[in-house]
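Remarks on the structure that follows.
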Amino acid sequence: MRTRLPWLAFGVLATLTGLGLAHAVAALTDADTSPVLAVGAAVIDLTPTPVKEWAIRTFGSADKPILVGSVMAGVLVLAAAAGLLARRRPLYGAGLLVALVVIAAVAVVTRPEATVLDLGPSLVAAVGAVAALTWLAREQAGAPDGEPDNGRRGVLIAAAVLGGLAVAGGVGGQVITRLRLRPEDVALPDPADPAQPLPRGLDDQVPGITPFRTDNDDFYRVDTRLDTPVVSSDDWTLTIDGDVDQEVTLTFDELLDMPMIERDITLTCVSNSVGGEYVGSARWLGVPLKDVLDLAGIGSTGADQILSTDFDGMTISTPLDLATDGRDAMICVGMNGEPLPREHGFPVRMVIPGLYGFVSATKWLTRLTLTTYDDQKAYWTQREWATDAPIKLSARIDTPKALAEVDAGDVVIGGVAWAQQRGGVGKVQVRIDDEPWQDANLGPDGGDDYWRQWFFRWDAPSGSHNIAVRAVSGDGDEQVTERAEPFPDGASGLHELIVQVA
Ligand SMILES: Nc1nc2c(c(=O)[nH]1)N[C@H]1C(S)=C(S)[C@@H](COP(=O)(O)O)O[C@H]1N2
Ligand SMILES: [Mo]
């Protein structure tokens, strides 16, 4: 055992050295090519939808750190095995390390927009790890029986140097990534068609209620990426192709020269569970989608889908008829008065009111292709999600929290409700235990595509009570009470919770 233990550590240390150096190189070029992240991204793409849904339900927004952690743990176990192998068969040990890196390399090159250059970090990882293991093995072997102390000192020096390299690579990579993620200095034009000033919400009146407008920093983020893409507005172009009269490519400046609209729109994720956090509301600035499509001219051979593609080849499908039915579908450059944050699609994304984000809200957008669902299948279409996915009418209780303990007497129940493209929220009702539904008070109106805050004054008697909420849209649609999971077209059911009144 005493002779095995060091080898186990050699394998791990050699692997960390390779990964640290690779991480720094990846940060300089494209963070997503960092070997562990690349494998993680491939795992996301290959995971069957039910398992993915389970992970999102179980881990929530911690699902990605847990995924990266699991990949890392797996890598380190195999790295330790490689070290053990190298004790008797150095070539086998090195071979296992190379095999590990080859998996990462395959994950990198099979991405849609991959180039040979993306293999750089994997190559660095392989060379770094094998060189490190070789050095450690040589120092260990170089401890001739007569001079154990010399040998040990050599191993310790090598370990210290390699540990330093691993840490420097890892930390350096993070620092470089931070620097690259700094926002670009972009001046946005004023909207030709501005939004009305947003009314004051209930934020100051109802403690614990969701703010009427979501700050960019607090806005939920959902996408398939493990990194935050750095797309420069200088290199960015948008191509409109497929079934069009003529293919058109726009630069960022050309897009900014087009007349802009400004709209208050609530964005929702299809993966949001009833009462969940994947919903947010912002003021968006952008060019009407229709104006952009008109530059190319919609063709005549029967396209029924807008296939949008991001800078990395990820695709999202949108029903053409819904996107062009007069709703405020936008090619967005601004969010709450600022350029889009990188997490939310800088420099350009789509926003379409009334459709879940996975069929409408393409971030880091670079291409719009007019095509048919028969001809081309987008990322989530391949994974059996719905193609036609209007946002379901929904209401959420923000305060009190589930299982909260409150004092008997005056309790304010409050939350948000949304009914995009359904005439807004017409009515919100609250039910306490088995009592009849009672109307809640609505907050100010931010438009039909924007959520509505609501509150209900409750004279709470002591005991344990069940609170439920439901919404009715301005068009008269009632919230669906039947429970459904997010897959394949969004969750439904009532948000209910229990509170203890003392
Ligand atoms: N390029 C790209 N765009 C994307 C996604 C993605 O994975 N990749 N996810 C979509 C989903 S599922 C949603 S709900 C919205 C979320 O937008 P947000 O992260 O800005 O809130 O972005 C959409 N746009
Ligand atoms: Mo989503």
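The values are calculated or read from the model by the stated rules, or taken from the named source; none is laboratory data. For clarity, every value in this text was computed on a predicted model and none was experimentally measured. Cβ placement follows ideal geometry from the backbone for every residue including glycine, while neighbour counts extend to all protein chains displayed. Only protein heavy atoms, including side chains, enter the accessible area calculation; ligands, DNA and RNA are left aside. Shrake-Rupley method; radii C 1.70, N 1.55, O 1.52, S 1.80 Å.
Tell me, yes or no, whether the range 55-75 has at least one residue that is touching a residue at least 40 places away in the same chain (Cβ under 8 Å) and closer than 17 Å to ALA9 by Cβ.
Residues of the range 55-75 that are touching a residue at least 40 places away in the same chain (Cβ under 8 Å), as a first pass: 56-57, 60-61, 64, 67-68, 75.
If we keep only those that are closer than 17 Å to ALA9 by Cβ too, we end up with 75.
Checked against the condition, which is being touching a residue at least 40 places away in the same chain (Cβ under 8 Å) and closer than 17 Å to ALA9 by Cβ, the range 55-75 yields at least one hit.
crowded, with 20+ Cβ neighbours inside 10 Å, more than 22 Å from ARG422 (Cα to Cα) and over 23 Å from the mean Cα position of the chain (by Cα): which single residue out of LEU370, LEU307, LEU365 fits that description? Lay out the reasoning, then the answer.
Details: LEU307 fails: over 23 Å from the mean Cα position of the chain (by Cα); LEU365 fails: over 23 Å from the mean Cα position of the chain (by Cα).
On inspection, the qualifying residue turns out to be LEU370.
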When the range 471-498 is examined, which residues are found to be hydroxyl-bearing (Ser, Thr, Tyr) and either at pLDDT below 95 or buried (at least 16 other Cβ atoms within 10 Å of the Cβ) (or both)?
SER473, SER492
Among the strands (runs of 3 or more DSSP E) confined wholly to the range 232-302, which include 1 or more residues that are within 16 Å of ligand 1 (Cβ to nearest atom) and over 30 Å from ALA417 (Cβ atoms)?
237-242
Exclusive hit being touching a residue at least 12 places away in the same chain (Cβ under 8 Å) and open to solvent by 30 Å² or more (accessible area, probe 1.4 Å), set GLN438, GLN453:
GLN438
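For residues that are in a helix (DSSP H, G or I) and charged (D, E, K, R), scanning just the range 46-90, find the one that is least open to solvent (accessible area, probe 1.4 Å). Before the answer, list the steps.
First, the residues of the range 46-90 that are in a helix (DSSP H, G or I): 46, 49-88, 90.
Filter once more, so that each one left must be charged (D, E, K, R): 52-53, 57, 63-64, 87-88.
On the way: LYS52: 43, GLU53: 14, ARG57: 131, ASP63: 39, LYS64: 52, ARG87: 62, ARG88: 178 Å².
The selected residue is GLU53.
I'm trying to understand the selection: among the residues of the range 106-117, which are open to solvent by 20 Å² or more (accessible area, probe 1.4 Å) and part of a helix (DSSP H, G or I)?
Kept after step one, since they are open to solvent by 20 Å² or more (accessible area, probe 1.4 Å), are these residues of the range 106-117: 106, 109-117.
If the condition is that a residue be open to solvent by 20 Å² or more (accessible area, probe 1.4 Å) and part of a helix (DSSP H, G or I), then VAL106, VAL109, VAL116, LEU117 are the ones that fit.
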Considering only the range 298-318, state which residues are out of contact with any helix residue (DSSP H, G or I) (no Cβ under 7 Å at 6 or more places or on another chain), modelled with pLDDT of 95 or more and among the hydroxyl-bearing types (Ser, Thr, Tyr).
SER308, THR309
Determine whether the range 392-400 contains at least one residue that is in contact with a Pro (Cβ under 8 Å, 6 or more places away or on another chain) and more than 16 Å from ligand 2 (Cβ to nearest atom).
yes
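Just checking, which of GLY93, GLY60 is at pLDDT 95 or above and not hydrophobic (A, V, I, L, M, F, W, C)?
Numbers: GLY60 fails: at pLDDT 95 or above.
Only one candidate passes the filter, namely GLY93.
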Got a sec? Which strands (runs of 3 or more DSSP E) wholly within the range 314-374 have at least 1 residues that are under 16 Å from ILE265 (Cα atoms) and more than 16 Å from ligand 2 (Cβ to nearest atom)?
330-335
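Could we say that MET330 is buried (at least 22 other Cβ atoms within 10 Å of the Cβ), more than 13 Å from ligand 1 (Cβ to nearest atom) and of a type in the set (A, V, I, L, M) here? Spell out how you get there, then give the answer.
On the way: buried (at least 22 other Cβ atoms within 10 Å of the Cβ): yes; more than 13 Å from ligand 1 (Cβ to nearest atom): yes; of a type in the set (A, V, I, L, M): yes.
Judged against the criteria, MET330 is a match.
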Mind checking which residues of the range 272-289 are within 15 Å of ligand 2 (Cβ to nearest atom) and open to solvent by less than 20 Å² (accessible area, probe 1.4 Å)?
ASN272, GLY276, VAL279, GLY280
Go through (1) assigned to a loop (DSSP other than H, G, I, E, B); (2) more than 16 Å from ligand 2 (Cβ to nearest atom); (3) open to solvent by less than 30 Å² (accessible area, probe 1.4 Å) one by one and return the number of the condition GLN205 breaks.
(3)
Do you know which residues across the range 376-413 are under 29 Å from LYS427 (Cβ atoms), open to solvent by 20 Å² or more (accessible area, probe 1.4 Å) and of a type in the set (Lys, Arg)?
LYS392, LYS401
Give me the pairs, please: first residue somewhere in the range 355-372 and without any contact (Cβ under 8 Å) to a residue 40 or more places away in the chain, second residue anywhere and within 8 Å of ligand 1 (Cβ to nearest atom) and hydrophobic (A, V, I, L, M, F, W, C), beta-carbon distance under 6 Å, and either six or more positions apart or on two chains.
none
Among the residues of the range 208-225, how many are away from ligand 2 (no atom under 16 Å from the Cβ) and either under 14 Å from THR366 (Cα atoms) or touching an Asp or Glu at 6+ places or on another chain (Cβ under 7 Å) (or both)?
6
Under 26 Å from the mean Cα position of the chain (by Cα), farther than 25 Å from LEU76 by Cα and modelled with pLDDT of 95 or more: does that describe VAL206?
no
On the given criteria, is ALA132 open to solvent by less than 70 Å² (accessible area, probe 1.4 Å), under 19 Å from ALA14 (Cα atoms), assigned to a helix (DSSP H, G or I) and not β-branched (Val, Ile, Thr)?
yes
